[in-house]
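Novice: Sharing a structure below in structure tokens format, with a few things to ask.
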Amino acid sequence: MLFLSFFLVGGIAYAAPQDITLSPTSNTPVINPGAVYNGSFSVIDQGNTGYNYQIYSSPYHVSGEDYTPDFTLVPHAANPASWLKFSISSASIIPGQSTQVNYSITVPKTTLPGAYFAVAFAQTQYPKTPTAITLNERVGEIFYIQVAGPVTQGGKLLTWQTSMFQEPPLTSTIRLEDSGALNFPATISLKIDDVFGQTKYSLNTIKEVLPQTIRQIKIPWDKAPSLGIFKVNGSVNFLNHTHNLSTKWVLVMSRTVRVYLLAIITVIVLIIVARLFYRLIRRLKKPRTKRSK
């Protein structure tokens, strides 16, 4: 997962290359209360410009079903960001270089079992000037920390929706609920076939669902054509159970196609009305034959 942050100074753009990356982007350690977990990640410069960067941690949670990330501390909650310690707080990097950053996660002895979340950020530090705009970029590794101990897990597939009539892109929506105390990964497989049975699009992805939340996952087929009929089906696997998604038939029709079809239908209707009107006029103008006495 990639997080961007931009800082503006002055009125002229000082363009950051936006080429800092961090690997891996997520980690799911299981740690006993009072124990220490050690690991590392790499900061990579994939561009043509070197830069200074800093390393720091932040709390992590989400809001809403669209999982908008929030890096503020939840009131009266534990702060797992404070459990992270890094081997360096800042460094310099040159183009093509990869720097390893070691870290430790120390879980307090009194921590209750369950899921806790934090992010380790690497953020560029470009020099500020009074006449320029400085753009700094940051990338992060999410830590889905599980503090070991007895906890409950639960989840369900709430809804699976694909509207019968759509404009491109063809979009399907899955809503998953985590009712337990731990997050879980959901493996989603989706396939879209045309009326002849030919697969036009397929997707396999893994989405993390956090405890006591509902996650809405939208799956768009960006290259859907302007007109077509398609069959959508698939499956979702989580907590050792596979949920088969019922088959949906979808008519895709772009706004342009609808305008053309409406114009064609309007012309056809006008032609039919004109012909009926012409026949009626001819019938009215036709002279009547007199009846013989």
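Novice: Among the candidates 122, 181, which residue alone is of a type outside the set (Lys, Arg), surrounded by 14 or more Cβ atoms within 10 Å (Cβ to Cβ), closer than 30 Å to residue 57 by Cβ and assigned by TED's automatic domain parsing to the domain that holds residue 211?
Specialist: 181
Novice: Just need a number here: residues in the range 125-156 that are among the aliphatic types (A, V, I, L, M), more than 27 Å from residue 54 (Cβ to Cβ) and buried (at least 17 other Cβ atoms within 10 Å of the Cβ).
Specialist: The total comes to 1.
Novice: Next question. Count, please, the residues in the range 92-103 that happen to be part of a strand (DSSP E or B) and surrounded by fewer than 14 Cβ atoms within 10 Å (Cβ to Cβ).
Specialist: 4
Novice: Within the range 195-205, track down each residue that is surrounded by 14 or more Cβ atoms within 10 Å (Cβ to Cβ) and of a type outside the set (A, V, I, L, M, F, W, C).
Specialist: 200, 201
Novice: Residues of the range 223-237 being outside any strand (DSSP E or B) and surrounded by 15 or more Cβ atoms within 10 Å (Cβ to Cβ), which ones?
Specialist: 224, 225
Novice: Something else now. Across the range 121-147, what is the total count of residues that are in a strand (DSSP E or B) and more than 14 Å from residue 20 (Cα to Cα)?
Specialist: Residues that pass the stated criteria total 8.
Novice: Restricting the range 48-64 to residues that are buried (at least 18 other Cβ atoms within 10 Å of the Cβ) and either small (Gly, Ala, Ser) or not assigned by TED's automatic domain parsing to the domain that holds residue 88 (or both), which is nearest to residue 87 (Cα to Cα)?
Specialist: Of everything passing the filter in the range 48-64, 57 is nearest to residue 87 (Cα to Cα).
Novice: How about the range 25-45: which of its residues are assigned to a loop (DSSP other than H, G, I, E, B) and at pLDDT 95 or above?
Specialist: Passing the criteria: 28, 29, 32, 33, 34, 35.
The values are calculated or read from the model by the stated rules, or taken from the named source; none is laboratory data. Because the structure is predicted, anything quoted here is derived from the model rather than measured. As a convention, Cβ positions derive from the backbone with ideal geometry for all residues, glycine included, and neighbour counts pool all protein chains shown.
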